[in-house]
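Chemist: Before anything else, here's the structure in question.
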Amino acid sequence: MTEHTQVAIIGAGPAGLLLGHLLHLYGIDSVILENRSEPYVIERVRAGVLEQHVVDMMVATGVGDRLQRQGLRHGGVYLAFDGRRHHIDFEELTGKSIWIYGQNEVVRDLIDARRGTGRPLHFEVDQVRVAGFDGESPTVRYVDGDVEHTLHCDYIAGCDGFHGVSRPAFPKGLLSTYERIYPFGWLGILAHAEPTSEELVYALHDRGFALFSMRSPTVTRLYLQCDPDEDISVWSDDRIWSELGTRLGTDDGWRPKEGPIFQKGITPMRSFVVEPMQCGRLFLAGDSAHTVPPTGAKGLNLAAADVRVLADAFWRQYSGRGGAALEAYSETCLKRVWKAQRFSWWMTSMLHLGPQDAPFARFDYRRQVAELDYLTGSRAGMTSLAENYVGLPMDVPLPGLVRA
């Protein structure tokens, strides 16, 4: 079966769905292809912190109603060390805030919006292959059910994640890869427990990092630093709560409230970037081009920034304003990507213990405490953290806004 569209989007995660949504508002046709099932895409638990620009974009483009009703607006975070919590007031320092709203909820909202437009969205497709993107007639071939399809398009957007087919399709030798593997991972849990802090708590302890977060007024999301290849079966619920209490608990008696754990897993941590993010008429966005350790809460937010830049560039091309923005897509995005990588690395290195058998382990821990002590006592230091955490400025306008 032969089909035609303007932009073929591979991947129905946040990047692909948001790109399709923005393109629809620009009047640009697209087809979204996803190899996973719809329930899998919706229910997988990922990021939960949205930067101000992402919230503003969702509200401005008509997919922010549920976020505004159910999301949790936070004006800052806490840094905990040496038995005390220290508040970083984002709103006072920058005038901006963050929102707690799970990635799965963002995906659910975007799927509903896509369905409302009637534009194509296909789950559980197989054998996706891209070709012709180095010329003027790209194609995406895929199998849906028992039917093989050939999708002719003007452009291809690879939003299919780290393990997708888009990045490997680049010609051999074109991509430069930059990667850092961290010697630790995160043991993450979801628990039916009322949050005991109104904002996130990042903790450095001599037993390792811990993070207190939440997903709703009744569900907490918590993390512990652990070995990346740790066997999850050795972490009983009692052991998890005991370790969380030890690492997060402070001298004023604060500690996370316990409750039934209904999900747990271990995630390795890495930093990864490829350059360039485009080849001919194939463009990478989100995790297909870059991943960050979750400490700085940048993964989903970077993906949203990528597709905002890409959608605007497509609009400029199709509206006769020239292809300069498309040609500059990779350069534009990578400036933000590397700033986010720097911030994520800094947060990670400041809050996680290195290998404890290293000769400098004890020195590094005292240095980390000193850095946190300096940071929480310096307005300049706190402002730098706040500016990066709430999200650096976006210079790209949104669909529906008046343009010259």
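Chemist: Could you look through segment 23-39, keep only residues that are surrounded by fewer than 24 Cβ atoms within 10 Å (Cβ to Cβ) and touching a Pro at 6+ places or on another chain (Cβ under 7 Å), and pick out the one that is farthest from LEU50 (Cα to Cα)?
Modeler: Of everything passing the filter in segment 23-39, VAL31 is farthest from LEU50 (Cα to Cα).
Chemist: Filter segment 113-122 for residues that are touching a residue at least 40 places away in the same chain (Cβ under 8 Å) and out of contact with any Lys or Arg (no Cβ under 7 Å at 6 or more places or on another chain) and give the result.
Modeler: Matches in segment 113-122: ALA113, ARG114, THR117, ARG119, PRO120, HIS122.
Chemist: Another question, if that's okay. Could you identify the single residue in VAL165, VAL201 that is among the β-branched types (Val, Ile, Thr), closer than 26 Å to GLU34 by Cβ and modelled with pLDDT of 95 or more? Talk me through it step by step, then tell me what you get.
Modeler: On the way: VAL201 fails: closer than 26 Å to GLU34 by Cβ.
Checking each option against the conditions leaves just VAL165.
Chemist: Quick check on my filter: what residues within segment 302-352 are under 20 Å from GLU387 (Cα atoms) and in contact with a Cys (Cβ under 8 Å, 6 or more places away or on another chain)?
Modeler: Across segment 302-352, the qualifying residues are ALA303, ALA305, ASP306.
Chemist: Something else: Answer yes or no: is there a residue in segment 366-377 that is of a type outside the set (Lys, Arg), modelled with pLDDT under 95, closer than 24 Å to ASP89 by Cβ and touching a His at 6+ places or on another chain (Cβ under 8 Å).
Modeler: For segment 366-377, residues of a type outside the set (Lys, Arg), modelled with pLDDT under 95, closer than 24 Å to ASP89 by Cβ and touching a His at 6+ places or on another chain (Cβ under 8 Å): absent.
Chemist: Could you say which residue among GLY116, GLY164, GLY76, GLY95 is farther than 24 Å from VAL396 by Cα, among the small types (Gly, Ala, Ser) and out of contact with any helix residue (DSSP H, G or I) (no Cβ under 6 Å at 6 or more places or on another chain)?
Modeler: GLY116 is the lone residue from the list that is farther than 24 Å from VAL396 by Cα, among the small types (Gly, Ala, Ser) and out of contact with any helix residue (DSSP H, G or I) (no Cβ under 6 Å at 6 or more places or on another chain).
Chemist: In the set VAL128, VAL147, VAL140, VAL165, which member is surrounded by fewer than 18 Cβ atoms within 10 Å (Cβ to Cβ), farther than 30 Å from GLY208 by Cβ and aliphatic (A, V, I, L, M)?
Modeler: Numbers: VAL128 fails: surrounded by fewer than 18 Cβ atoms within 10 Å (Cβ to Cβ); VAL140 fails: surrounded by fewer than 18 Cβ atoms within 10 Å (Cβ to Cβ); VAL165 fails: surrounded by fewer than 18 Cβ atoms within 10 Å (Cβ to Cβ).
Checking each option against the conditions leaves just VAL147.
Chemist: Something else: Just for segment 66-92: of the residues that are touching a Gly at 6+ places or on another chain (Cβ under 8 Å) and either in the same structural domain as ARG379 (by TED's automatic domain parsing) or buried (at least 19 other Cβ atoms within 10 Å of the Cβ) (or both), which one is nearest to THR376 (Cα to Cα)?
Modeler: ILE88
Chemist: What tally of residues in segment 37-53 results from selecting those that are touching a strand residue (DSSP E or B) at 6+ places or on another chain (Cβ under 9 Å), assigned to a loop (DSSP other than H, G, I, E, B) and not acidic (Asp, Glu)?
Modeler: Qualifying residue count, segment 37-53: 2.
Rundown of residues vs (1) closer than 26 Å to PRO168 by Cα; (2) surrounded by 20 or more Cβ atoms within 10 Å (Cβ to Cβ), yes/no style:
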{"residue": "SER233", "(1), (2)": "no, no"}
{"residue": "ILE261", "(1), (2)": "no, no"}
{"residue": "GLY280", "(1), (2)": "yes, no"}
{"residue": "THR295", "(1), (2)": "no, yes"}
{"residue": "GLY323", "(1), (2)": "yes, no"}
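Chemist: Just to be sure before I move on: is SER176 at pLDDT 95 or above, over 21 Å from ILE28 (Cα atoms) and loosely packed, with under 14 Cβ neighbours inside 10 Å in the structure I sent?
Modeler: Here the answer is yes, as SER176 does meet what is asked.
Chemist: A follow-up question, please. Out of VAL130, VAL125, VAL140, VAL77, report the one residue that is among the β-branched types (Val, Ile, Thr) and closer than 19 Å to GLU38 by Cα.
Modeler: Exactly one residue qualifies, and that residue is VAL125.
The values are calculated or read from the model by the stated rules, or taken from the named source; none is laboratory data. On a predicted model such as this, the values are computed, not experimentally measured, just so you know. Reconstructed Cβ throughout: ideal geometry from the backbone, glycine too, with neighbour counts over all protein chains shown.
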